[in-house]
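Here, each number is a calculation from the coordinates, and none is a lab measurement. Quantities reported herein were computed from a predicted structural model and do not represent experimental measurements. With ideal geometry, Cβ positions are generated from the backbone for all residues, glycine too; neighbour counts draw on all protein chains shown.
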Amino acid sequence: MTTLTPSQFRSDFPEFANATVYPDSIVQMWLTVAASLVNGARWMELTNIGLVLVTAHHLVLSARDQTAASVGGVPGLMTGPTSAKSVDKVSTSYDTAAATLDNAGFWALSSFGIRFLTLARMMGAGGLQL
């Protein structure tokens, strides 16, 4: 399996380029976790994509927790996608069903998780010859 570095991760996903918000040590930690979740024998040439999607998903959740903690909130508090929001006389709602997958659970908490799970479900289909 290919070993990715935080620098390579940032090259693939420049939205995580801010090393102050996403320190190399945290990126590397999630890359290590991703390596245990993505089976290179199944993912083959898409292995790195699986690794970066898992890492990005975890970084998004981590950033949410940091933001919550910075304003006195509870880090790690679980919430699902927002389907409606009102402020004074203005309200907004979203069709969350359009961007969700059945039984996605934890992976549905970010767009990176949804992309990962979509690919992972394809990688898990069919037999594997050893």
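Using 13 Å as the cut-off for backbone N distance, which residues of segment 49-71 belong to the label zone defined by a point 7 Å from the Cα of Met122 along Cα→Cβ? Correct set: 49-50. Summing +1 for each Lys or Arg and -1 for each Asp or Glu among the other residues whose beta-carbon sits under 13 angstrom from that of Phe9 gives -2.
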